[in-house]
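Heads up, the thing below is written out as structure tokens.
The values are calculated or read from the model by the stated rules, or taken from the named source; none is laboratory data. Note that the structure is predicted; figures quoted are calculated from it, not measured. Here the Cβ positions follow ideal geometry from the backbone for every residue, glycine too, while neighbour counts run over all protein chains shown.
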């Protein structure tokens, strides 16, 4: 079973489209859950005016009968309400590329004198479909008790203390953590730091500036054995990192304590292996465990049964109210860059997209490992595997 997707659509086009191939037969899919994640992507303090226009809702065009998947490709659509405000036959030619965007690189690539065709597809608007697709992957994983959450660690210079994050992780289940995150306007686990982050965003907006930051994604109850060491492109950490790097403005990815590990000796950063002395009835637990999780749940490109922990670093949005220097593509004269409608800070929204793309990659690896045409077959394969690893 190979699970894959294609998506299409432009920022100001009629709609965003997605096609998912390889999703198993017999799964009850929830449009409500997809729409909830789409709404979370549109939220987050620091978003721009576009979010007041769009009210993203998924339409499932194919692959379902009576709410259940039938094994054929799932066709998805999200309409762009902003299309109604556009005149596609009378659009301004865009001649002054914006630093930090794909504008100039795209002009070079295609030999253009108008960067609008680059802007339309390079826009972060297409992440709405990535969230919808990732939500479908999340629903599959949750059926097998695999859960995940994302939260913001830093915006600008305001950062939540790691001890605070660790205490909540140890104490609360995934559902409770999601509730805490959603109570914050910036999807942060600390209410005091949330207020400071909002103030930081307000200050940047007054200055005509933008802010970046950092978010973390955690997946729980992951079975060992997802991914593979045998080829570079089958390593689950490589796939997750690549998916996160495909999100606009994400410029770096860390798995586990990769950054801290690089500055310490090996004896302090490897995860010793221990044997459980009592029976443990959790779904995917083996008799082996790690007290620490410096590896972030992945060793040698394969999940080891611990939580997958990934952090992504987001650069400030490049479109500025006070634009930087650029060059007019037609006159070749130095000037200031164009301004397009934009956000002050996208870190909270990026955390939603990041969780979605990681859920999708884990779901793909899960179906590769426990392949079956129907949900029933996958359940049987997974049950047999868990019984085997508990006896290793």
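Output yes when any residue across segment 187-199 is assigned to a helix (DSSP H, G or I), buried (at least 17 other Cβ atoms within 10 Å of the Cβ) and in contact (Cβ under 8 Å) with a residue 60 or more places away in the chain, and no when none is.
Initial filter on segment 187-199 (assigned to a helix (DSSP H, G or I)): 191-199.
Retained after the next criterion (residues that are buried (at least 17 other Cβ atoms within 10 Å of the Cβ)): 193-194, 196-198.
Add one more test, that the residue is in contact (Cβ under 8 Å) with a residue 60 or more places away in the chain, and what stays is 197-198.
Yes, segment 187-199 contains a residue that is assigned to a helix (DSSP H, G or I), buried (at least 17 other Cβ atoms within 10 Å of the Cβ) and in contact (Cβ under 8 Å) with a residue 60 or more places away in the chain.
In segment 364-385, what residues are touching a residue at least 24 places away in the same chain (Cβ under 8 Å), surrounded by fewer than 16 Cβ atoms within 10 Å (Cβ to Cβ) and in a helix (DSSP H, G or I)?
376
Quick one: is residue 129 over 30 Å from residue 14 (Cβ atoms), at pLDDT 95 or above and buried (at least 22 other Cβ atoms within 10 Å of the Cβ)? Give the steps one after another, and end with the answer.
Details: over 30 Å from residue 14 (Cβ atoms): no; at pLDDT 95 or above: yes; buried (at least 22 other Cβ atoms within 10 Å of the Cβ): yes.
Considered against the rule, which asks whether it is over 30 Å from residue 14 (Cβ atoms), at pLDDT 95 or above and buried (at least 22 other Cβ atoms within 10 Å of the Cβ), residue 129 comes out as no.
Starting from segment 63-74, take each residue that is free of Cβ contacts under 8 Å to residues at least 24 places away in the same chain and at negative phi and list its partners that are outside any loop (DSSP other than H, G, I, E, B) and surrounded by fewer than 17 Cβ atoms within 10 Å (Cβ to Cβ), counting only C-beta distances under 7 angstrom and pairs at least six apart or across chains.
Filtered contacts from segment 63-74: 72/62.
Among what's in segment 300-325 and is under 20 Å from residue 206 (Cβ atoms) and surrounded by fewer than 23 Cβ atoms within 10 Å (Cβ to Cβ), pick the residue that is modelled with the highest pLDDT.
Filtering segment 300-325 for residues that are under 20 Å from residue 206 (Cβ atoms) and surrounded by fewer than 23 Cβ atoms within 10 Å (Cβ to Cβ), the one modelled with the highest pLDDT comes out as 316.
Quick test of your reading of the structure: residue 390 fulfils all but one of (1) within 25 Å of residue 143 (Cα to Cα); (2) modelled with pLDDT of 95 or more. Name the failing condition by number.
The one condition residue 390 does not meet is (2).
Hand me the list of helices (runs of 4 or more DSSP H) wholly inside segment 221-280 holding 3 or more residues that are within 24 Å of the chain's Cα centre (by Cα) and within 28 Å of residue 370 (Cβ to Cβ).
Working: elements: 236-245, 258-261, 266-269.
In segment 221-280, the matching helices (runs of 4 or more DSSP H) lie at 236-245.
Can you give me the number of residues within segment 295-326 that are over 17 Å from residue 220 (Cβ atoms) and in a loop (DSSP other than H, G, I, E, B)? Reasoning before the result, please.
If we filter segment 295-326 for residues that are over 17 Å from residue 220 (Cβ atoms), which is where we start, we get 299-302, 312-326.
Adding the requirement that they be in a loop (DSSP other than H, G, I, E, B) leaves 300-301, 315-324.
The number of residues fulfilling the criteria is 12.
Report yes if residue 159 is farther than 20 Å from residue 308 by Cα, surrounded by fewer than 20 Cβ atoms within 10 Å (Cβ to Cβ), in contact (Cβ under 8 Å) with a residue 12 or more places away in the chain and more than 18 Å from the chain's Cα centre (by Cα), otherwise no.
Values: farther than 20 Å from residue 308 by Cα: yes; surrounded by fewer than 20 Cβ atoms within 10 Å (Cβ to Cβ): yes; in contact (Cβ under 8 Å) with a residue 12 or more places away in the chain: yes; more than 18 Å from the chain's Cα centre (by Cα): yes.
Taking the combined requirement at face value, the residue satisfies it.
For every residue, the table says whether it meets (1) more than 18 Å from residue 227 (Cβ to Cβ); (2) at pLDDT below 95; (3) buried (at least 17 other Cβ atoms within 10 Å of the Cβ); (4) in contact with a helix residue (DSSP H, G or I) (Cβ under 9 Å, 6 or more places away or on another chain).
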| site | (1), (2), (3), (4) |
| --- | --- |
| 240 | no, no, yes, yes |
| 245 | no, no, no, no |
| 250 | yes, no, yes, yes |
| 255 | no, no, yes, yes |
| 268 | yes, yes, no, yes |
| 271 | no, yes, yes, no |
| 278 | yes, yes, no, no |
| 285 | yes, yes, yes, yes |
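What is the residue count in segment 327-361 for residues that are assigned to a helix (DSSP H, G or I) and either free of Cβ contacts under 8 Å to residues at least 60 places away in the same chain or in contact with a helix residue (DSSP H, G or I) (Cβ under 6 Å, 6 or more places away or on another chain) (or both)?
Taking segment 327-361 first, the residues assigned to a helix (DSSP H, G or I) are 347-361.
Among the residues that remain, those that are also either free of Cβ contacts under 8 Å to residues at least 60 places away in the same chain or in contact with a helix residue (DSSP H, G or I) (Cβ under 6 Å, 6 or more places away or on another chain) (or both) are: 349, 352-354, 356-361.
Qualifying residue count, segment 327-361: 10.
For segment 65-81, how many residues are touching a strand residue (DSSP E or B) at 6+ places or on another chain (Cβ under 7 Å) and outside any loop (DSSP other than H, G, I, E, B)?
Going through segment 65-81 one residue at a time, the tally reaches 8.
For the list (1) in contact with a strand residue (DSSP E or B) (Cβ under 7 Å, 6 or more places away or on another chain); (2) within 25 Å of residue 151 (Cβ to Cβ), I need the number of the one condition that residue 295 fails.
Checking residue 295 against (1) in contact with a strand residue (DSSP E or B) (Cβ under 7 Å, 6 or more places away or on another chain); (2) within 25 Å of residue 151 (Cβ to Cβ), the one that fails is (1).
Checking residue 178 against (1) under 20 Å from the mean Cα position of the chain (by Cα); (2) without any contact (Cβ under 8 Å) to a residue 24 or more places away in the chain; (3) surrounded by 14 or more Cβ atoms within 10 Å (Cβ to Cβ), only one condition comes out false. Which one?
Looking at each condition in turn, residue 178 falls short on (2).
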